[in-house]
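The values are calculated or read from the model by the stated rules, or taken from the named source; none is laboratory data. These numbers come from a predicted model, not from an experiment. For neighbour counting, all protein chains shown are included, and Cβ atoms are generated from backbone atoms with ideal geometry for every residue, glycine included. Note: areas computed on protein heavy atoms with side chains; ligands, DNA, RNA excluded. Shrake-Rupley method; radii C 1.70, N 1.55, O 1.52, S 1.80 Å.
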Amino acid sequence: MTRNITLYIEKDYAALSQKAAMIFAQNVKFAPTAAYGFATGSTPEGMYEKTVQMHESGEIDFSKLTAFNLDEYYPISGDNPKSYKYFMATKLFDSIGLSPERRNIPDGESKDPKAECFAYEEKINACGGIELQVLGLGNNGHIGFNEPADIFTGATSYVQLSENTIQSNSRFFDKPGDVPRHAITMGIHSIMMAKRIMMLVSGEAKAGILRDALLGPITPLVPASALQLHRDVIVVADKAAATHL
Ligand code: GLP
């Protein structure tokens with residue numbers, strides 16, 4: 001594994017979540033007003049729960065950070081419980097006292113998704129960049145909604161979701177036909193511009209793709225393999241996900 005990647009292997013999902021929340025909280029303690037990047041999906045949920053607990057115990061003040069989410073389905077309304085906007089509000093932001101002006105997430109209702117991509121990228125840059133970007137890992141190696149492809153995506157982009165992603169995300173919807181076919185996602189370049197990246201990976205089903213991402217060739221066919229080129233990456237995995245490392 002390249003030396004820019006720090007790997008923590010935790011015994012189970014609870015320990016992974018605790019570790020990730022601690023790393024995040026320490027960063028916020030050090031840089032409370034910086035911009036932080038957040039991910040959705042089931043993997044970071046535990047980290048968000050622990051973060052809420054830290055807020056409730058008064059250990060750390062999370063209310064001064066600025067949040068940027070990786071991605072959002074398109075089209076989707078922000079009050080749809082399946083939207084990432086709703087997910088972040090209910091799983092984290094409402095519970096850590098983060099005011100709506102400090103929450104940034106691509107607008108799944110925008111009439112012009114391409115203009116929204118441009119505006120979103122500008123907003124991240126105007127904030128001085130992201131201090132710590134949290135990532136999950138898709139079953140097919142995607143990060144954000146950057147799907148396997150012939151080339152790496154650059155800036156925030158309007159993208160088509162792969163069948164694999166639609167299938168795996170259909171568990172959050174009533175039926176696969178309800179999963180939006182498109183999304184707006186920070187691109188690989190936008191993600192790579194973050195000062196630090198922390199990717200969370202849980203479960204045996206991700207063991208193969210985690211190995212490909214960290215130890216395989218750097219290729220847009222495994223978008224997460226781009227992380228091998230970043231200078232400060234933390235991977236927090238549970239034992240099951242680390243089986244093939
Ligand atoms: C979605 C999100 C990704 C996330 C992935 C993995 O596709 N766009 O950002 O990493 O799901 O989700 P899970 O953590 O549920 O496996």
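Observations on the model:
- Prolate/oblate/rounded label for the chain (Cα gyration tensor, a/c 1.5): rounded
- Longest to shortest principal axis, alpha-carbon extents of region 87-197, angstrom: 36, 35, 30
- Residue order for LYS175, LYS64, LYS19 - accessible surface, 1.4 angstrom probe, largest first: LYS175, LYS64, LYS19
- For the pair THR33 and LYS114, label points projected 7 Å from Cα toward Cβ lie 3.8 nm apart.
- Against the criterion of solvent-accessible heavy-atom surface with a 1.4 angstrom probe, HIS55, HIS244, HIS230 sort, most first, into HIS244, HIS55, HIS230.
- Per-selection metrics, region 58-113 (Cα): Rg and Dmax in Å: 12.0, 42
- With the Kirkwood sum run over all distinct C-alpha pairs, region 1-88 has a hydrodynamic radius of 14.6 Å.
- Here region 177-245 has 55 percent of its accessible surface on carbon and sulfur atoms, given a 1.4 Å probe and all protein chains in place.
- Region 139-199, relative contact order [Cα under 8 Å, separation at least 6], %: 41
- Heavy atoms of the protein chains alone define the surface here; on that basis region 196-245 has 38 Å² accessible area per residue at 1.4 Å probe size.
- Pairs from LYS19/LYS206; LYS85/LYS111; LYS29/LYS123; LYS82/LYS114; LYS50/LYS114 whose Cα-Cα separation, in the structure shown, is over 28 Å: LYS50/LYS114
- Reciprocal mean inverse distance between Cα atoms of region 38-78 - Kirkwood radius, Å: 12.1
- Cβ-defined net charge surrounding PRO220, 14 Å radius [Lys, Arg +1; Asp, Glu -1]: -3
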